[in-house]
Amino acid sequence: CRSWRSVVLSHPSLWSYMYIFHSTEDAMDPLLPRVHSKWLRASRNSLLTTTLHLNFAGSQKNTKLKRIIDKILSQYSRIKHADISIRNLPRSQNYTISLPFSPTFEYVSLEVPGKHGRTSLDFTSCFSSSELRTLTTFEGIRWILPSSPNQILHFPNLSELEFYTDVTEDIGNV
């Protein structure tokens, strides 16, 4: 019904929850990137709750999966809840994942198994937030910390911290 479509599209918060799951060795449905892009457009400026569980097994050269990851990460300033798990990231290609920290983050869980160090959580632009409640990073995630001694990480409402990571700067800043 046309009126229902109009109502749904006029409420961007209805489009702010995204769950993308691809874990088979089969090729990804070619419609998924287009649906994902339309979903982001419909959410307009709403803060996003994103669950992204992708497995590159059987699709090591799948540029569509990479585009979805890049598109989500480009929206980092709109994300309030990020649960990102990426398995079997192609090693042969020079593909990196960097998530800049945002003051909008309330929950962050980042898991990209592998010791190749191509995934990072970057605190250099934003190192303080009263919104962050939960931060979880798993082995292989590099934390990029601010280089200035005046820029100490400050998360006063953080109630859960779990990390297995490579820290690229002074651990005293954590």
Report the label-to-label distance for THR96 and VAL35 in nanometres (one decimal), using points 7 Å from each Cα along the Cα→Cβ vector. 3.3 nm
Starting with the highest mean, order 44-53, 101-110 by the number of other Cβ atoms within 10 Å, averaged over the residues of each peptide. 101-110, 44-53
Describe numerically, in nm with one decimal, the distance between label points set 7 Å from Cα along Cα→Cβ at ASN45 and at THR134. 2.9 nm
Which of the peptides 143-152, 79-88 is most tightly packed, and how do the rest follow, judged by the mean count of other Cβ atoms within 10 Å per residue? 79-88, 143-152
Distance between the range 1-55 and the range 133-149 - C-alpha centres, whole angstrom: 28 Å
Extension gain, TYR17 back to ILE152 (0.36 nm per residue minus Cα-Cα distance, nm): 45.4 nm
TYR76, TYR95, TYR19, reordered so the largest accessible area comes first (probe 1.4 Å): TYR19, TYR76, TYR95
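The values are calculated or read from the model by the stated rules, or taken from the named source; none is laboratory data. Quick caveat: nothing in here was measured; it's all calculated off a predicted structure. We place every Cβ from the backbone using ideal geometry, glycine too, and count neighbours over all the protein chains shown. Please note that ligands, DNA and RNA were not included when accessible areas were found on the heavy atoms of the full protein model with its side chains. Shrake-Rupley method; radii C 1.70, N 1.55, O 1.52, S 1.80 Å.
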